[in-house]
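Here is the structure we will look at.
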Amino acid sequence: MTCIKAQSLITVYINDELEIDELEEFTGHIQSCEECKEELEVYYALLTAMRQLDEDKNLSNDFNQELKEKLERSQERIIHLRFNYYRKKGVLLLIIIIFAAFFSLYHYLIPKEQENPVEESSFRLRTSFMEERFDAPREELNRYFEEQRGN
Ligand SMILES: [Zn+2]
């Protein structure tokens with residue numbers, strides 16, 4: 001982040017209106033750039049004092065200390081949000097792995113264990129059913145012909 005960009009975000013930062021990505025870049029720049037840090041300190045003191053006067057509150061004793069605490073809270077917020085982000089990604093990855101495992105089981109393991117025995121036994125069942133069904137009339141027919149021939 002450039003100094004010009006950082007300084008343009010100072011009031012947005014003070015009003016807690018930065019998005020997480022900008023917040024991270026902004027606080028990173030403030031920690032590594034004395035010039036922008038001083039600029040932020042001046043603006044923070046000015047804007048906070050104006051707000052406190054506006055709301056009839058007592059003025060803070062130490063704006064720099066307050067700003068330091070605000071920056072620390074920003075860091076904690078960034079870490080918290082980033083941690084949640086990666087944790088969500090981890091959960092998503094886990095779900096994908098479970099699905100992949102499930103489908104590979106479904107496609108490779110279950111058909112091999114079930115299909116072949118079922119096909120074989122149902123084939124056998126069908127042939128024995130056919131034998132019973134068609135051999136009985138045929139035997140009866142043969143008996144009838146033999147009786148005819150005997151007469
Ligand atoms: Zn700078």
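A short reminder: the numbers here are calculations on the coordinates, not readings from a lab. Every value quoted in this text rests on a predicted model; they were computed, and no experiment measured them. Glycine gets a Cβ as well: all are built from the backbone with ideal geometry, and neighbour counts include every protein chain shown.
So how many residues does the range 32-63 have that are within 15 Å of the ligand (Cβ to nearest atom) and not in a loop (DSSP other than H, G, I, E, B)?
The qualifying residues number 11.
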Inset, instruction - Enumerate the pairs (first residue in the range 2-31 and away from the ligand (no atom under 13 Å from the Cβ); second residue anywhere and of a type in the set (D, E, K, R) and part of a helix (DSSP H, G or I)) with beta-carbon separation below 6 Å, excluding pairs fewer than 6 apart on the same chain, so at least 6 apart or on different chains. - result: none
Inset, instruction - Collect the residues in the range 1-27 that are under 16 Å from GLU72 (Cα atoms), part of a helix (DSSP H, G or I) and among the polar types (S, T, N, Q), keeping them in residue-number order. - result: THR27
Legend entry - Contacts under 7 angstrom Cβ, first residue in the range 76-102 being closer than 16 Å to ASP21 by Cβ, partner of a type in the set (Asp, Glu) and in a helix (DSSP H, G or I), 6 or more apart: ILE78/GLU24
